[in-house]
1. Out of the residues in the range 18-45 that are crowded, with 19+ Cβ neighbours inside 10 Å and hydrophobic (A, V, I, L, M, F, W, C), state the one that is nearest to I201 (Cα to Cα).
2. Give me the residue from the range 3-29 that is within 10 Å of the ligand (Cβ to nearest atom) and touching a strand residue (DSSP E or B) at 6+ places or on another chain (Cβ under 8 Å) and, out of that set, nearest to K192 (Cα to Cα).
3. If you check Y167 against the conditions, is it over 24 Å from F64 (Cβ atoms), away from the ligand (no atom under 15 Å from the Cβ), surrounded by 21 or more Cβ atoms within 10 Å (Cβ to Cβ) and of a type in the set (S, T, Y)?
4. Tell me the residue from A96, A179, A118, A151 that is in contact (Cβ under 8 Å) with a residue 60 or more places away in the chain and among the small types (G, A, S), please.
5. Just the residues that are within 25 Å of S113 (Cα to Cα) and either among the small types (G, A, S) or loosely packed, with under 14 Cβ neighbours inside 10 Å (or both), please, taken from the range 46-58.
6. So, N184, is that one among the polar types (S, T, N, Q) and outside any loop (DSSP other than H, G, I, E, B) or not?
7. With respect to the numbered conditions (1) out of contact with any Pro (no Cβ under 7 Å at 6 or more places or on another chain); (2) buried (at least 16 other Cβ atoms within 10 Å of the Cβ), which one is the sole condition not fulfilled by V105?
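The values are calculated or read from the model by the stated rules, or taken from the named source; none is laboratory data. Quick caveat, the model's predicted, so the values are computed rather than measured. Don't worry about glycine lacking a Cβ; one is built from the backbone with ideal geometry, like all the others, and counts go over all protein chains shown.
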Amino acid sequence: MLKNDTVYYPQDEMTTVLLPVTLGCSYNKCAFCSMYKDDKYCEVASSDIEMQLINGYVYTEKVFLTGAEPLSIGFDKMKKLLDMIHKYLPYCACVASYASIKNIVKYTIEELSILHDAGLRLLYIGFETGRDDILKLMNKGHSVKEAVKQAKKLNEAKIQFNSILMYGIAGEGESIDNAVLTANMINQFKTKKVITMNLTIFDGTKLNNMVEKGDFIPPSRNERLVEIRTLLENLEPKQPMIFDTTHPTNIIKLKGTLPQDKDRLINEIANYIKVKPD
Ligand code: SF4
């Protein structure tokens, strides 16, 4: 069975209508990622997408485009796709998708604004960390400066996005510094939500090789909890921002809106660190 049979989507989109746009990942080089390791990247044919839309429920209100990074299809195809969605699903008010910094680079602010007006309303972006050395170590393919620049472009084009961060990613002894610099990065733009993931070492990844060779030591559970607390302490959003650690990989489930819930969330973690150390 091809791994392409596995469809990944955010837990917030569990009840959203899924529309396959790409299969596999056009980059496929992040050291920690095993999702599409054995899959060949390809685009779903426009005729196949149209067939799905023709057979869709006409009153659908939200669509999630599946694939690691549907924006890799480029502006013209994305615009046609959004127009097609509008034609067959006229009540759809929000098209959401994963996106990578590397692909947003290819779009101008004007093009992003056009896509926003055509229905693209929410992106999920893997920022992972605000440290350039760790982005490089994980072969993420973008720098912090580039990430901030692209995030600001989205702000200008009024496309909302959720920022996915990965605690534990900097390794043992580096978590506090990672949290401070990651918060500094997030503080430079407006994001609807920060979604945290907990670093997981998957078989067959470059990161797993690094761990086996002793080149990367994952931080302890307690260090990771301190990292989440430090991140929260340093986040100063320009507008209300949801902080969400409820993805299944997380070691603690927290959800609230910053800045008003900041103290509550920090206190919840503080208790956890004290009661359940490693
Ligand atoms: S993390 Fe995203 S961009 Fe990186 S290899 Fe995995 S799917 Fe591709």
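1. Checked the range 18-45; the qualifying residue nearest to I201 (Cα to Cα) is F32.
2. So the first thing to find is which residues in the range 3-29 are within 10 Å of the ligand (Cβ to nearest atom), and the list is 8, 24-29.
So of that shortlist, the ones also touching a strand residue (DSSP E or B) at 6+ places or on another chain (Cβ under 8 Å) come out as 8, 24.
Values: Y8: 21, G24: 26 Å.
Only one residue fits best here, namely Y8.
3. Details: over 24 Å from F64 (Cβ atoms): yes; away from the ligand (no atom under 15 Å from the Cβ): yes; surrounded by 21 or more Cβ atoms within 10 Å (Cβ to Cβ): yes; of a type in the set (S, T, Y): yes.
When the stated conditions are applied, Y167 passes them.
4. On the way: A179 fails: in contact (Cβ under 8 Å) with a residue 60 or more places away in the chain; A118 fails: in contact (Cβ under 8 Å) with a residue 60 or more places away in the chain; A151 fails: in contact (Cβ under 8 Å) with a residue 60 or more places away in the chain.
Only one candidate passes the filter, namely A96.
5. Step one: list which residues in the range 46-58 are within 25 Å of S113 (Cα to Cα), which gives 46, 49-50, 53.
Passing the criteria: only S46.
6. Working: among the polar types (S, T, N, Q): yes; outside any loop (DSSP other than H, G, I, E, B): yes.
For N184, the condition - among the polar types (S, T, N, Q) and outside any loop (DSSP other than H, G, I, E, B) - is met.
7. Evaluating V105 over (1) out of contact with any Pro (no Cβ under 7 Å at 6 or more places or on another chain); (2) buried (at least 16 other Cβ atoms within 10 Å of the Cβ) leaves (2) as the failure.
The rows are residues; the columns are (1) within 16 Å of the ligand (Cβ to nearest atom); (2) at pLDDT 95 or above; (3) closer than 23 Å to F243 by Cβ; (4) in a helix (DSSP H, G or I).
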position	(1), (2), (3), (4)
H116	no, yes, no, yes
L123	yes, yes, yes, no
F127	yes, yes, yes, no
G130	no, yes, yes, no
I134	yes, yes, yes, yes
A147	yes, yes, yes, yes
N155	no, yes, yes, yes
F189	no, yes, yes, no
